[in-house]
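The values are calculated or read from the model by the stated rules, or taken from the named source; none is laboratory data. No experiment lies behind these values; they were computed from the predicted model shown. Glycine gets a Cβ as well: all are built from the backbone with ideal geometry, and neighbour counts include every protein chain shown.
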Amino acid sequence: MMRFSVALLMLGSLACGDAVPRKRALSVPSPKPVTTMPPEFAPLGEAEPVREAEPPAVQSPPASSNTPIGDAGASDSGKAAARTYRAAPEIALAGKNGDSVDLVLQEADSAYNDARYQDAEALYQKARRGAPKRAAPIVGVARSRIRKLGFAMELASAKNNSSVRVQVNELRLAIKTEPDFGPAHVELGRALLLLDDVPKALTSLERGAELLPREAEAQSAYGVALLASGKAKEAIVALTRARELDPETPQRHGNLGTALMLVGRTREAVSQYEEQARILDGDARAHSDLGTALLAAGELERGSKELERAVELDPNRASIRSNLGYALQLRGKTKEAIQMYREAIRLDEKAVSAWINLGALLGRDVTTRGEGKKALERARALDPSDPRVLANLNELEMLEKKK
């Protein structure tokens, strides 16, 4: 499954399904972080500089219980957690006729769900030789080849990649062969999400969801695409459906929580993140998403504890440390917050939010205002389009004029 990293769309990390997610995970290509921030992360008061926590990410479970959840840099404990819950199987390509081709497809589906993509491809190829005019084997070969490329199942993780584009053409061939074969539309949509072609992905995934109304991964992938398109309200419907069909897969709850956060339904989002964290107690992303949502709900102490837990589980993820810094900042622990932002930047020099929040805090004190301005300039160099940078620089300019 995939994860959608929404800066909150949140995807820790947008995730759709296993087929594509964040270095995070999706059953559909995992989209990357969405840049729209929910109302809860708006500036804290007129006199305060603009600063926000990185929102939770949209995600999906891995293709098998042997596949780690989260980024390539996930902690060992987080990887272990990925092996403790029932991972949702990918969409089956085998039919129910029970003929010789379907038997091969069943074996191929099993290999694919076990993340044995080389074996799966060989078996799907065997089925294709036996039934060259069926869509299922074509889809199987294409999705296996995409997974073998090793891209994170996230939005735009394979942007402009020629190998993925080749498989997109194969998936379109499958649809031409059997226009109403739902898995072909879903896999095409997930592949398009990897390429960052959200409009076309949305069209394909909407059709896939229509054709597969009782397939949780199809509904989840469609919901992730809606999130990536900025249609959070519509996404809630699809993601709620996915959760109802498959309540045991934790990322179904996480993705729904992300959509709820985006429309300001924070308390409901917290409930979904709590369920995700309950199932994935050893996963840093799950606790980070919950902690971030709790901050938005005003539960600062509890949110801090969840983020501290996330840091313990994955001490090398900059975004989690940055969010913990934000929690400390909200609690008035300025010195500790500054240190946490510095640690986040040490781990990732491109952590824009950490640079912004560090600059805002340092800018309050006349003795460190110059350093604060440099931090904000660094953030602007990294992302000139981020409105928070200009807001904080304007704040510093006003403070200077008051001297």
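Looking only at residues that are within 18 Å of Arg342 (Cα to Cα) and in contact with a Lys or Arg (Cβ under 8 Å, 6 or more places away or on another chain) in region 380-391, which one is surrounded by the most Cβ atoms within 10 Å (Cβ to Cβ)?
Initially, region 380-391 is screened for residues within 18 Å of Arg342 (Cα to Cα), giving 380-382, 389.
Retained after the next criterion (residues that are in contact with a Lys or Arg (Cβ under 8 Å, 6 or more places away or on another chain)): 382, 389.
Details: Leu382: 15, Val389: 24.
Applying the filter and picking the extreme gives Val389.
Report, by residue number, each residue of region 192-230 that is under 19 Å from Ile175 (Cβ atoms), in a loop (DSSP other than H, G, I, E, B) and out of contact with any Gly (no Cβ under 8 Å at 6 or more places or on another chain).
Leu195, Asp197, Pro213
Among the residues of region 208-249, which ones are in contact with a Ser or Thr (Cβ under 7 Å, 6 or more places away or on another chain) and surrounded by fewer than 22 Cβ atoms within 10 Å (Cβ to Cβ)?
Matches in region 208-249: Gly230 only.
Residue check: is Asp281 acidic (Asp, Glu) and out of contact with any helix residue (DSSP H, G or I) (no Cβ under 6 Å at 6 or more places or on another chain)?
Values: acidic (Asp, Glu): yes; out of contact with any helix residue (DSSP H, G or I) (no Cβ under 6 Å at 6 or more places or on another chain): yes.
In short, yes.
Please determine, by comparing only the residues of region 198-207 that are farther than 10 Å from Leu155 by Cβ and not polar (S, T, N, Q), which one is surrounded by the most Cβ atoms within 10 Å (Cβ to Cβ).
Step one: of region 198-207, the residues farther than 10 Å from Leu155 by Cβ are 199-200, 202-207.
Checking which are not polar (S, T, N, Q) leaves us with 199-200, 202, 205-207.
Values: Pro199: 10, Lys200: 16, Leu202: 20, Leu205: 33, Glu206: 19, Arg207: 21.
So, considering only residues that are farther than 10 Å from Leu155 by Cβ and not polar (S, T, N, Q), the one surrounded by the most Cβ atoms within 10 Å (Cβ to Cβ) is Leu205.
Does Ser220 satisfy the criteria of being of a type in the set (S, T, N, Q), more than 22 Å from Ala94 (Cα to Cα) and under 20 Å from the mean Cα position of the chain (by Cα)? Full working, then the answer.
Numbers: of a type in the set (S, T, N, Q): yes; more than 22 Å from Ala94 (Cα to Cα): no; under 20 Å from the mean Cα position of the chain (by Cα): yes.
No; evaluated as a whole, the condition is false for this residue.
Given the condition farther than 30 Å from Leu295 by Cα and modelled with pLDDT of 65 or more, answer yes or no: does some residue in region 71-89 qualify?
Looking through region 71-89, at least one residue is farther than 30 Å from Leu295 by Cα and modelled with pLDDT of 65 or more.
From the list Glu187, Glu178, pick out the single residue that is surrounded by fewer than 22 Cβ atoms within 10 Å (Cβ to Cβ) and modelled with pLDDT of 95 or more.
Exactly one residue qualifies, and that residue is Glu178.
What residue, of Leu211, Leu245, Leu194, is under 19 Å from Ala156 (Cα atoms) and of a type outside the set (Val, Ile, Thr)?
Values: Leu211 fails: under 19 Å from Ala156 (Cα atoms); Leu245 fails: under 19 Å from Ala156 (Cα atoms).
Criteria check complete, one pass: Leu194.
Name the residues in region 282-329 that are under 17 Å from Asn357 (Cα atoms) and among the hydroxyl-bearing types (Ser, Thr, Tyr), would you?
Thr292, Ser304, Ser319, Ser322, Tyr326, listed by residue number.
Considering only region 205-257, how many residues are under 16 Å from Glu187 (Cα atoms) and among the small types (Gly, Ala, Ser)?
Of the residues in region 205-257, 8 are under 16 Å from Glu187 (Cα atoms) and among the small types (Gly, Ala, Ser).
Take the residues in region 114-159 that are of a type in the set (Asp, Glu) and part of a helix (DSSP H, G or I), then tell me which one is surrounded by the fewest Cβ atoms within 10 Å (Cβ to Cβ). I'd like the intermediate steps shown before the answer.
Our first condition is that a residue be of a type in the set (Asp, Glu); within region 114-159, this holds for 114, 119, 121, 154.
Keeping just the survivors that are part of a helix (DSSP H, G or I) gives 119, 121.
Values: Asp119: 16, Glu121: 21.
That would be Asp119.
For region 243-327, please list each of the helices (runs of 4 or more DSSP H) lying entirely inside it that holds at least 2 residues being closer than 20 Å to Glu217 by Cβ, in contact with a strand residue (DSSP E or B) (Cβ under 6 Å, 6 or more places away or on another chain) and not aliphatic (A, V, I, L, M). Break it down stepwise before answering.
Values: elements: 250-262, 266-279, 284-296, 300-313.
It comes to 250-262.
Please work out which residue is nearest to Arg214 (Cα to Cα), limiting yourself to region 160-189 and to residues that are assigned to a helix (DSSP H, G or I) and among the acidic types (Asp, Glu). Let's see the steps before the verdict.
Filtering region 160-189 down to residues assigned to a helix (DSSP H, G or I) leaves 162-177, 182-189.
Filter once more, keeping what is among the acidic types (Asp, Glu): 170, 187.
Numbers: Glu170: 25, Glu187: 16 Å.
Across region 160-189, the extreme among qualifying residues is Glu187.
Return the only residue of Gly332, Gly372 being more than 26 Å from the chain's Cα centre (by Cα) and outside any helix (DSSP H, G or I). Full working, then the answer.
Details: Gly372 fails: outside any helix (DSSP H, G or I).
Checking each option against the conditions leaves just Gly332.
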